[in-house]
Amino acid sequence: MSDEIKRIGRELVYQGAILRVYKDCVKFPDGSTADWDFIQHDGAAAVVPVMEDGRILMVRQYRNALDRETLEIPAGKLDEPDEPGLTCSARELEEETGYRSDHLEWLLTLRTTVAFCNEKIEIYVAKDLIPSHQHLDEGEYVDVKAYTMKELKEMIFSGKIEDSKTIAALLAYEAKYLR
């Protein structure tokens, strides 16, 4: 069926610092057309930082889209669209938590909202954390705290953690490494 649906036009509507918004024109098998929104995102990477005692470092930061703070795994956008996720996740780990690791392992890749956005986030697990120092970006304010997996799951299932990359990463980490 997807061979019968074809994008026949794309118009840039807005270009921001981290994304571009397009109006796409799509043609259907019956000859009709429709305009669909499309958000282009260059991608991101995230990391599940596991301390020696098994607790996971999390970052609390303000998110403008929600107008509140959220609790998340460390993450950030790729510096360039072709930057390796491993490089980005290692950088974000140190920038946001003040730790680094020489042992990052790919955990999963997710697409955040496939209905209208192509954002891809590669998620890694970092072990053998080495204390360093934070290198926060301008305008970035982050609190770092370690939690047990039990505490994090309680926050997920009580609705206190809503961030999709964080939920997917933590549950995938538990399934892969703790069972």
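The values are calculated or read from the model by the stated rules, or taken from the named source; none is laboratory data. Given the structure is predicted, the values throughout are model-derived calculations rather than measurements. Don't worry about glycine lacking a Cβ; one is built from the backbone with ideal geometry, like all the others, and counts go over all protein chains shown. Heads up: the accessible areas ignore ligands, DNA and RNA and are worked out on the full protein's heavy atoms, side chains in. Shrake-Rupley method; radii C 1.70, N 1.55, O 1.52, S 1.80 Å.
Within region 108-142, being hydroxyl-bearing (Ser, Thr, Tyr), open to solvent by 60 Å² or more (accessible area, probe 1.4 Å) and within 20 Å of Val50 (Cα to Cα) holds for one residue alone: Thr109. Of all positions in region 19-42, at least one carries a residue that is of a type outside the set (Ser, Thr, Tyr) and closer than 21 Å to Ala169 by Cα. Considered as a group, the residues in region 82-96 that are part of a helix (DSSP H, G or I) and of a type outside the set (A, V, I, L, M, F, W, C) include one that is most open to solvent (accessible area, probe 1.4 Å), and that residue is Thr87. The residues of region 11-37 that are in a strand (DSSP E or B) and open to solvent by 100 Å² or more (accessible area, probe 1.4 Å), listed by number, are Tyr14, Gln15, Trp36, Asp37. No other residue among Ile73, Ile18, Ile5, Ile56 is touching a helix residue (DSSP H, G or I) at 6+ places or on another chain (Cβ under 6 Å) and touching a residue at least 24 places away in the same chain (Cβ under 8 Å) apart from Ile73. Restricted to region 1-10, and to residues that are over 29 Å from Lys77 (Cα atoms) and open to solvent by 100 Å² or more (accessible area, probe 1.4 Å), which residue is modelled with the highest pLDDT? It comes out as Lys6. From the list Met58, Met51, the one residue that fits, being touching a Phe, Trp or Tyr at 6+ places or on another chain (Cβ under 7 Å) and either closer than 19 Å to Glu96 by Cα or open to solvent by 80 Å² or more (accessible area, probe 1.4 Å) (or both), is Met58. Screening the candidates Glu105, Glu151, Glu162 for the property of being part of a helix (DSSP H, G or I), among the acidic types (Asp, Glu) and surrounded by 12 or more Cβ atoms within 10 Å (Cβ to Cβ) yields one hit, Glu151. Of the residues making up region 17-33, those that are of a type outside the set (A, V, I, L, M) and touching a strand residue (DSSP E or B) at 6+ places or on another chain (Cβ under 8 Å) are Arg20, Tyr22, Lys23, Asp24, Cys25, Lys27, Phe28, Thr33. Every test in (1) more than 23 Å from Lys160 (Cβ to Cβ); (2) surrounded by fewer than 18 Cβ atoms within 10 Å (Cβ to Cβ); (3) touching a residue at least 40 places away in the same chain (Cβ under 8 Å); (4) touching an Asp or Glu at 6+ places or on another chain (Cβ under 9 Å) is passed by Ala45 save one, and that test is (2).
Being under 24 Å from the mean Cα position of the chain (by Cα) and of a type in the set (Asp, Glu) is true for just one of Glu80, Glu11. Which residue is that? Going through Glu80, Glu11 in turn, the sole match is Glu80.
For Arg100, the test of being of a type outside the set (Phe, Trp, Tyr) and open to solvent by 70 Å² or more (accessible area, probe 1.4 Å) is passed.
Candidates in region 165-177 are the residues that are buried (at least 17 other Cβ atoms within 10 Å of the Cβ) and touching a helix residue (DSSP H, G or I) at 6+ places or on another chain (Cβ under 9 Å); of these, the one that is farthest from Lys77 (Cα to Cα) is Tyr173.
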